[in-house]
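Shown next, in structure tokens, is the structure this report addresses.
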Amino acid sequence: MNQKWDGSERRRLLRTEAEAMVVSMSPSEKTAQPTDMLMHELLVHKIELEMQNEQLRNAHLKLEEARDRYIDLYEFAPVAYITVNQDGLISQTNLTGCALLGIERAQLIRRRFSQFVDNQDRDRWYRLFLTMMKQPKGQKQEIDLRMNHADGTLFYARADCLLRESDNALPLLRIALTDISQQKAANEQIEQLAFFDPLTHLPNRQLFKDRLHKALASSTRNKQYGALLFIDLDNFKMLNDSLGHNKGDMLLQQVARRLLSNVRENDTAARLGGDEFVVMLEDLGTCPEDAAIHVKAAGLKILAALNEPYLLEGYDYRCSSSMGATLFVDHLVEEDELLRHVDIAMYQAKVNGRNSLCFFDEKMQAVVTERAALEADLRVALAQNQLQLYFQQQTSLDGQVFGAEALLRWQHPERGLILPMEFIPLAEETGLIVPIGLWVLETACVLLKAWENNAQMHPFKLAVNVSANQFRQAEFVEKVEAVLVKTAIRPNRLTLELTENVMLKDIGDSVTKMLALKKLGVSLSVDDFGTGYSSLSYLTQLPLDQLKIDKSFVRNIGVTHSDALIVQTIIGMANNLGIEVIAEGVETTEQRNFLEQQGCRLGQGYLFGMPVPLEKFEAHLSKAD
């Protein structure tokens, strides 16, 4: 019967035929054949029942399909669904929850959810769970937790918690658990890039200033002193220039590690940029004297650690540091001002000879303010024609003038005449010495050209000092050549004076440049000889025409036997090498006589004449003639 009537379409057709047959029968046929009529009606009812049964079966199949889809969505959802009862035990979970926690469902059910929460966050979880159990159903809360897989490995999860009731009206906590480890790692990477130095992994300037702001706020509350230590590596640029930036980066990384190992856990070590580091010490007590003693001890400890040798890919390197220090308390000084104070103190440590610790005081502030004003004025001095050349004659020791040294002076409109020792170091630091040095060279060459038309000045030579920054420029020789071409002077009347330290910084590069200058016809002199590396052997390697005995040795002739012996040795060696010798700083007849006896024929100093402006220099020579 079931096979015969299988199929809703066939049942529909049979029913239609039965109904048509009953309708087509006449009343007499219906009366005459009651049994057939009854059979037809039963057949129609049967068909209706079959159709209703088919509809029920279809509805049941759809319910089963919907249930399977729901189960699939629940079991394989991207989120772990976990139900925790009022006792904190897991009563239900999907397959994702099992996979996330790394344990089979049968072993997971009836285990405490808190067993999978890491010890660091377990108290936070307990507080949230107990709080939600006391709230009405429908309450929601979210919490980020450090959790552990069944094998003990750590992961980060976000738990969205919803309070429900069980069939027996007991509270249940539905938890949607999401693994946020990758998201957290990405956020940490963003934070690392934003607030930490990528090379040393120390806090950067932005994060340090935020911590300093908090430290000042804390100091305001507890009245305890804190301190800043500003650290600058001595001669770091020399390392980068000589061994390359890779070695420099390695040094910075090792310095960072040493800083971290020599400060307390609650202190902060940061890299502000370049070779500048800062350390912040907190909670140093309420007594400023005791705080200063602690800071000094901590600073000296750090300096000693940084002085230890560094191994840079097999290269044994030593590096000292200069350190400035300042105390702070009760937010009396703003963050930027504190950093300026400690920077000033660090600069004073460099002035004091480097490799030392210096505390900030108000006198330093005055010096720095003065220096800043001087720098601002120096930047416009060249454009406003405030710089002048003075000339000090160079003579044979019997008094015959053969030339002069061009010496720079600054005629300040308000301060008056400023000597080189007051502004040349500043010009070196700021890089202004390069345009200033070029101006000196051009001015001297223009003067030499003018002297060619003066019978009295025609044979004179001029010596010009060359700074370290000038000489290290790659295009230095080309600039000298351009000036020579522009002024059209005889190059042998120009002498360039270089110091020992400048020439020996990179002796290979120095020799190359000096040979190129010699090819142009320029004379070369080593200035302040004996005060630099004090090595006599390099004289045979450098194409020198002249060396100047430093005035510190000349001054002590007749006073210190060792200095007189040094002068005697320099003169003898230079004469043997065929290098001209000139002594600077000759002030007495006794000094001149000693030099002459030792074979030195040329001199420069107050005994022969002081540095004077061009007009007085030329007038003096005319009068002498």
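The values are calculated or read from the model by the stated rules, or taken from the named source; none is laboratory data. This structure is a prediction, so every number in the text was calculated from the model and none was measured. Cβ placement follows ideal geometry from the backbone for every residue including glycine, while neighbour counts extend to all protein chains displayed. Remember, those area values only see protein heavy atoms, side chains included, never the ligands or the DNA or RNA. Shrake-Rupley method; radii C 1.70, N 1.55, O 1.52, S 1.80 Å.
Can you list residue pairs whose Cβ atoms sit under 6 Å apart, with the first residue in region 65-84 being in contact (Cβ under 8 Å) with a residue 12 or more places away in the chain and of a type in the set (A, V, I, L, M, F, W, C) and the second being surrounded by 15 or more Cβ atoms within 10 Å (Cβ to Cβ) and assigned to a helix (DSSP H, G or I)? Count only pairs 6 or more apart in sequence or on different chains.
Short answer, once both residue conditions are applied: Ala77/Thr96; Ala80/Thr96; Ala80/Gly97; Ala80/Leu100; Ile82/Gly97; Val84/Phe113.
Output the residues belonging to region 124-161 that are part of a helix (DSSP H, G or I), exposed (fewer than 14 other Cβ atoms within 10 Å of the Cβ) and either modelled with pLDDT of 95 or more or not charged (D, E, K, R) (or both).
The answer is Tyr126, Leu130, Thr131.
Where in region 432-501 are there helices (runs of 4 or more DSSP H), lying fully within it, with 3 or more residues that are under 46 Å from the mean Cα position of the chain (by Cα) and of a type in the set (Val, Ile, Thr)?
Answer list for region 432-501: 433-451, 476-487.
Which residue pairs have Cβ atoms under 6 Å apart, sit 6 or more places apart or on different chains, and have a first residue in region 295-318 that is within 13 Å of Cys358 (Cα to Cα) and a second that is outside any loop (DSSP other than H, G, I, E, B) and open to solvent by 100 Å² or more (accessible area, probe 1.4 Å)?
Once the first residue is within 13 Å of Cys358 (Cα to Cα) and sits in region 295-318, no partner that is outside any loop (DSSP other than H, G, I, E, B) and open to solvent by 100 Å² or more (accessible area, probe 1.4 Å) comes close enough.
Kindly indicate which of Asp316, Asp290, Asp249 is at pLDDT below 95 and surrounded by 13 or more Cβ atoms within 10 Å (Cβ to Cβ).
Asp249
Somewhere in region 355-362, is a residue open to solvent by 30 Å² or more (accessible area, probe 1.4 Å), of a type in the set (S, T, N, Q) and without any contact (Cβ under 8 Å) to a residue 24 or more places away in the chain?
Scanning region 355-362 turns up no residue that is open to solvent by 30 Å² or more (accessible area, probe 1.4 Å), of a type in the set (S, T, N, Q) and without any contact (Cβ under 8 Å) to a residue 24 or more places away in the chain.
What number of residues within region 71-90 satisfy the criterion of being among the hydroxyl-bearing types (Ser, Thr, Tyr) and at pLDDT below 80?
1
Find all pairs meeting these conditions: Cβ atoms under 7 angstrom apart; at least six residues apart or on different chains; first residue within region 597-625 and farther than 17 Å from Pro459 by Cβ and of a type in the set (S, T, N, Q); second residue modelled with pLDDT under 95 and in a helix (DSSP H, G or I).
Gln598/Val567; Gln598/Gln568; Gln598/Ile571
What do you reckon, is Ile424 outside any helix (DSSP H, G or I), out of contact with any His (no Cβ under 6 Å at 6 or more places or on another chain) and within 30 Å of Ala619 (Cβ to Cβ)?
Numbers: outside any helix (DSSP H, G or I): no; out of contact with any His (no Cβ under 6 Å at 6 or more places or on another chain): yes; within 30 Å of Ala619 (Cβ to Cβ): yes.
In short, no.
Which one of these does His331 not meet: (1) assigned to a helix (DSSP H, G or I); (2) surrounded by fewer than 20 Cβ atoms within 10 Å (Cβ to Cβ); (3) modelled with pLDDT under 90?
(1)
Looking at (1) within 19 Å of Lys296 (Cα to Cα); (2) in contact with a Lys or Arg (Cβ under 9 Å, 6 or more places away or on another chain); (3) open to solvent by less than 30 Å² (accessible area, probe 1.4 Å), which one does Val279 not meet, given that it meets all the others?
With (1) within 19 Å of Lys296 (Cα to Cα); (2) in contact with a Lys or Arg (Cβ under 9 Å, 6 or more places away or on another chain); (3) open to solvent by less than 30 Å² (accessible area, probe 1.4 Å) applied to Val279, the lone miss is (2).
Quick check on my filter: what residues within region 435-492 are free of Cβ contacts under 8 Å to residues at least 12 places away in the same chain and open to solvent by 20 Å² or more (accessible area, probe 1.4 Å)?
Ala450, Asn453, Asn454, Ala455, His458, Ala474, Glu475, Glu478, Ala482, Val485
Does Gln348 satisfy being within 30 Å of Val466 (Cβ to Cβ), free of Cβ contacts under 8 Å to residues at least 40 places away in the same chain and in contact with a helix residue (DSSP H, G or I) (Cβ under 6 Å, 6 or more places away or on another chain)? Give the derivation first.
Working: within 30 Å of Val466 (Cβ to Cβ): yes; free of Cβ contacts under 8 Å to residues at least 40 places away in the same chain: yes; in contact with a helix residue (DSSP H, G or I) (Cβ under 6 Å, 6 or more places away or on another chain): yes.
The answer is yes for Gln348.
Matching residues to (1) touching a Ser or Thr at 6+ places or on another chain (Cβ under 7 Å); (2) under 30 Å from Ala292 (Cα atoms); (3) of a type outside the set (Asp, Glu):
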residue: Tyr156; (1), (2), (3): yes, no, yes
residue: Gln182; (1), (2), (3): no, no, yes
residue: Phe195; (1), (2), (3): no, yes, yes
residue: Leu229; (1), (2), (3): no, yes, yes
residue: Leu239; (1), (2), (3): no, no, yes
residue: Ser242; (1), (2), (3): no, no, yes
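Please enumerate the residues belonging to region 166-183 that are of a type in the set (Asp, Glu) and either assigned to a helix (DSSP H, G or I) or modelled with pLDDT under 85 (or both).
Asp167 - this is the single residue of region 166-183 that is of a type in the set (Asp, Glu) and either assigned to a helix (DSSP H, G or I) or modelled with pLDDT under 85 (or both).
Matching residues to (1) open to solvent by less than 10 Å² (accessible area, probe 1.4 Å); (2) of a type outside the set (Gly, Ala, Ser); (3) closer than 24 Å to Ser523 by Cβ:
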| residue | (1), (2), (3) |
| --- | --- |
| Gln384 | no, yes, no |
| Gln392 | no, yes, yes |
| Leu397 | yes, yes, yes |
| Val401 | no, yes, yes |
| Leu408 | no, yes, yes |
| Pro425 | no, yes, no |
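What tally of residues in region 355-374 results from selecting those that are at pLDDT 85 or above and farther than 22 Å from Glu414 by Cα?
Residues in region 355-374 being at pLDDT 85 or above and farther than 22 Å from Glu414 by Cα: 6 in total.
Residues to consider are Glu580, Glu590; find the one that is touching a strand residue (DSSP E or B) at 6+ places or on another chain (Cβ under 7 Å) and open to solvent by 20 Å² or more (accessible area, probe 1.4 Å).
Answer to the check: Glu580.
Just to verify a result, which residue in region 73-106, among those that are in a helix (DSSP H, G or I) and among the charged types (D, E, K, R), is least open to solvent (accessible area, probe 1.4 Å)?
Of everything passing the filter in region 73-106, Glu75 is least open to solvent (accessible area, probe 1.4 Å).
Restricting attention to region 259-276, and to residues there that are crowded, with 17+ Cβ neighbours inside 10 Å and in contact with a helix residue (DSSP H, G or I) (Cβ under 7 Å, 6 or more places away or on another chain), which single residue is farthest from Ala292 (Cα to Cα)?
Asp275
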